[in-house]
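Working notes for the structure below.
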Amino acid sequence: MLIRCGYDIAFECNAETPLLLMLHVRPERQADLRTPQNFAVTPGVPFRHYHDGFGNFCTRLVALPGITRFTADFLIRDGGLPDPIPAGAPQTAVDDLPDALIVFLLGSRYCETDKLSDLAWSLFGNIPPGWERVRAIAQYAHDRITFSYPNARPDRSAVEGHNERIGVCRDYTHLAVTLCRCMNIPARYCTGYLGDIGVPPDPSPMDFSAWFEVYLGGMWYTWDARHNAPRIGRILMGRGRDAADVAISTAFGSAKLAKFEVLTEEIRDVA
């Protein structure tokens, strides 16, 4: 299938402000692009790209005083299959994990493993390790938190999401990631496009989405604690330890969000 993606995002700055952006698709998906991403900055200012330590495609620039607008519009091909269900996938013992994966067992800015470890073991310690344990964790996070855009905030941690029992996709993801790590299952935070493809339209405003990946049986698998069901058409933008690593924008100064529109829709494949 073909999916049209894009955005129209603007920030208002009072002075020249360095910005770090993560608005491009991950390198692994760039081969699926059927048109350029058509990234544009208005007014035109110099920008440069680099890959961070997690392999994400990042953009750096200095925004001028006033409104700076970022746009993109592109087509990307997707397999059209739902997220695979790794039924029976085993959990790898910590000592057998590749060294590069240990970071995804550790606590991070929004994933306080030290504060949720006792809870995790009390809830999931008797569940068979591997796929069944991850499924139970995702179900718990899905049931624990009630989705609410009006109650979204950018600094809510996994512990706070668990206690407040309300949030958005990032809060479901932080909680599930933290509980997985507490149970010695490597888990990483993901962000990207996720349209309402193959499901009834969501009445909530279109946005980027967050989900997570777990390492089972020598492979990474996608999981989504908010929807708690396989979905079609994820377009990955970033991976990291938590939302701090994959923020779509980081301002080194004051930058007020002035516009935020995201597009993700399936289109008829005429190729």
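The values are calculated or read from the model by the stated rules, or taken from the named source; none is laboratory data. Values in this document were obtained by computation on a predicted structure and should not be read as measured data. Note that we place each Cβ from the backbone using ideal geometry, even for glycine, and neighbour counts take in every protein chain shown. SASA here: full protein model, heavy atoms, side chains in, ligands and nucleic acids out. Shrake-Rupley method; radii C 1.70, N 1.55, O 1.52, S 1.80 Å.
Look through THR92, THR71 and report the one residue that is at pLDDT 95 or above and either in a loop (DSSP other than H, G, I, E, B) or small (Gly, Ala, Ser) (or both).
Answer to the selection: THR92.
Search segment 121-138 for residues being closer than 19 Å to TYR221 by Cβ and among the small types (Gly, Ala, Ser), and hand back the single one that is surrounded by the fewest Cβ atoms within 10 Å (Cβ to Cβ).
Of all residues in segment 121-138, those closer than 19 Å to TYR221 by Cβ come to 124, 127-138.
Narrowing further to those that are among the small types (Gly, Ala, Ser): 130, 136, 138.
Values: GLY130: 19, ALA136: 17, ALA138: 26.
Selected residue: ALA136.
Can you report the number of residues in segment 216-259 which are open to solvent by less than 70 Å² (accessible area, probe 1.4 Å), part of a strand (DSSP E or B) and touching a residue at least 40 places away in the same chain (Cβ under 8 Å)?
Result for segment 216-259: 15.
Tell me yes or no: at least one residue of segment 158-166 is touching a Gly at 6+ places or on another chain (Cβ under 8 Å) and under 17 Å from THR113 (Cβ atoms).
Yes.
Please pick out the residue among THR68, THR92, THR59, THR35 that is hydroxyl-bearing (Ser, Thr, Tyr), surrounded by fewer than 18 Cβ atoms within 10 Å (Cβ to Cβ) and in contact with a strand residue (DSSP E or B) (Cβ under 8 Å, 6 or more places away or on another chain).
Step by step, each of THR68, THR92, THR59, THR35 is checked, and only THR35 is hydroxyl-bearing (Ser, Thr, Tyr), surrounded by fewer than 18 Cβ atoms within 10 Å (Cβ to Cβ) and in contact with a strand residue (DSSP E or B) (Cβ under 8 Å, 6 or more places away or on another chain).
Can you pull out every residue in segment 38-56 that is in contact (Cβ under 8 Å) with a residue 24 or more places away in the chain, assigned to a loop (DSSP other than H, G, I, E, B) and open to solvent by 70 Å² or more (accessible area, probe 1.4 Å)?
ASN38
Would you be able to say whether some residue in segment 117-140 is part of a strand (DSSP E or B), within 24 Å of the chain's Cα centre (by Cα) and closer than 18 Å to TYR172 by Cα?
no
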